[in-house]
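> The structure is given below, and queries will be raised subsequently.
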Amino acid sequence: GYTKGKYNQIANFAITQSEINIAINDKPPEKYFKDLVEQTLTKSPKYGGIIDLDELRENFRINCIPLEMLECAMEYEPFLEERRKLMAARMREYYQVL
């Protein structure tokens, strides 16, 4: 229900394998993030091969995904705002080591 300008922005993009992107399809984030956490509990991968919660947390950190998404606790607008901050911090960190 969002406009193209709302969902087609850098804070909403992530690089994913084609197979994962196809599996996610048009599922709402609260559904597939819940499924990601579930696959760490069941050790049965549905989206990619991460089946360890610590590895999923690290993947979120590397990809600037707010950890609150592990609890599906964020609405879309706050998610974008928080992810922008995380992405900016990551870029700042990168440039400081150059």
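The values are calculated or read from the model by the stated rules, or taken from the named source; none is laboratory data. Owing to the predicted nature of the structure, the values given are computational and were not obtained by experimental measurement. Ideal geometry is used to build each Cβ from the backbone, glycine not excepted, and the neighbour counts take in all protein chains shown. Please note that ligands, DNA and RNA were not included when accessible areas were found on the heavy atoms of the full protein model with its side chains. Shrake-Rupley method; radii C 1.70, N 1.55, O 1.52, S 1.80 Å.
> With runs of 4+ DSSP H residues as the only contributors, calculate the mean residue ellipticity of the chain at 222 nm using -39,500 (n - 2.57) per run, divided by the residue total and rounded to the nearest 500.
It lands at -17500 deg cm²/dmol.
> How large is the dipole of the range 28-98 about the Cα centre if only Lys and Arg carry +1 and Asp and Glu carry -1, each at its Cβ, rounded to the nearest 20 debye?
My answer is approximately 240 debye.
> Which residue, chosen from A23, C64, A88, occupies the Cα position most advanced towards the positive end of the dipole of the chain, where the dipole is computed from +1 (Lys, Arg) and -1 (Asp, Glu) charges on Cβ about the Cα centre?
A88
> Something else: Could you order E75, E55 so the one with the most accessible surface comes first? Probe is 1.4 Å.
Largest accessible area first, the residues go E75, E55.
> Before I look further, what does the chain give for accessible area per residue, probe 1.4 Å, in whole square angstrom?
73
> With a cut-off of at most 12 other beta carbons within 10 Å, and DSSP calling the residue loop, which chymotrypsin sites (Phe, Trp or Tyr not before Pro) in the chain qualify? Please list them.
Y2, F13
> As an exercise, use a Förster radius of 35 Å and the Cβ-Cβ distance of R92 and D54 to find the FRET efficiency, rounded to the nearest 0.05.
The computed FRET efficiency comes out at 0.90.
> On to the next question. Expressed in nm to one decimal, what extension gain is obtained for the pair K46 and R84 from 0.36 nm per residue of sequence separation less their Cα-Cα distance?
Length gained between K46 and R84: 11.0 nm.
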